[in-house]
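Encoded as structure tokens, the structure appears first; notes follow it.
Readers should treat all values here as calculations from the given coordinates under stated rules, not as data from a laboratory. Keep in mind it's a predicted model, so treat the numbers as computed, not measured. Cβ coordinates were reconstructed from backbone atoms using ideal geometry, including for glycine residues, and neighbour counts include every protein chain displayed.
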Amino acid sequence: MMKNIQKKDRYRFVMSKNNHIEFPFKMMASFAVFALMMSGCGNENTENKDEQSSKTTETFQEDLEKKDPQKNEQEVERDAGGYIVGQELPKEATYISDLLIASKRYPLPADFAPGEDPEARAAFEELNAAAVLEGYTFNAFSTYRSYDRQVELYANYVSRDGKEAADTYSARPGYSEHQTGLAFDIGEVGNEQFFADEGFGATAAGQWLEKNAHKYGFIMRYPEGKEDVTGYMHESWHFRYVGKDIAKDIYKNKSTLEEYLEIEK
């Protein structure tokens, strides 16, 4: 048995010995082919990684642009009133995070005419019912205003105070939040002398409204100290309906609609 095994092993050795020149050439050829294949895979993997990296960068940039459509236009030229020079009214209204926006950066179409928002009106009635229990009765003396009505008002303000001054408290036609139907100018019944007057905020009714409007979905649209953010002077009577959750968030953080949406004025 041992002899047979030794013979077989010897045979194997001899075969290996006889073929020792041929074997290395085969192996070298195989290794060469394998190396070329691996090199090709490596290049392909590198290209795929580069492509994925490129796509990731593009996707990130797209996400930024979706978050703020005007992100790449922050260096736009503004006139003395804070409006973008040469900007034309759009064909469609702008919604950001499902909220309709009207400001010096985001105008409305001239034919945008939704009327007073029914949900905002219902919220105001709820607010007013709560105020009555506290001894205050409110009147929403100015809500929806059409584009044509804003043309008249703005022209009157410019005629009276000059364009530079008018731009601090009155929106140009197409830029007024009242055109959205979601803005409510609120005053106290019996104190009409404070309607659209800076003194309203100092009254007991005005202070109650400032502290409680958010519970019903309203925010003070142009708060004091935020003129550089909103683009308008402080208006203690101008409230904007945004819904209870958002209103509570903005009130809690003492912010504005611009800051909540992370957009410029």
**Q.** Cβ-defined net charge surrounding Gln207, 13 Å radius [Lys, Arg +1; Asp, Glu -1]
**A.** -3
Q | Entries in Lys211/Lys265; Lys163/Lys254; Lys91/Lys252 that, when Cα-Cα distance is taken, lie over 28 Å | A | Lys163/Lys254; Lys91/Lys252
Q) Using θ = phi - 60° and the Karplus form 6.51 cos²θ - 1.76 cosθ + 1.60, what ³J(HN,Hα) does each residue of the range 171-182 get, whole Hz, x for Gly and Pro? A) 7, 5, x, x, 10, 6, 5, 5, 5, 6, x, 10
Q | Between the range 118-173 and the range 188-227, the alpha-carbon center distance in angstrom | A | 12 Å
**Q.** Phi-based couplings in Hz for the range 76-85 (Karplus 6.51, -1.76, 1.60; Gly and Pro marked x)
**A.** 5, 7, 10, 8, 4, x, x, 8, 5, 5
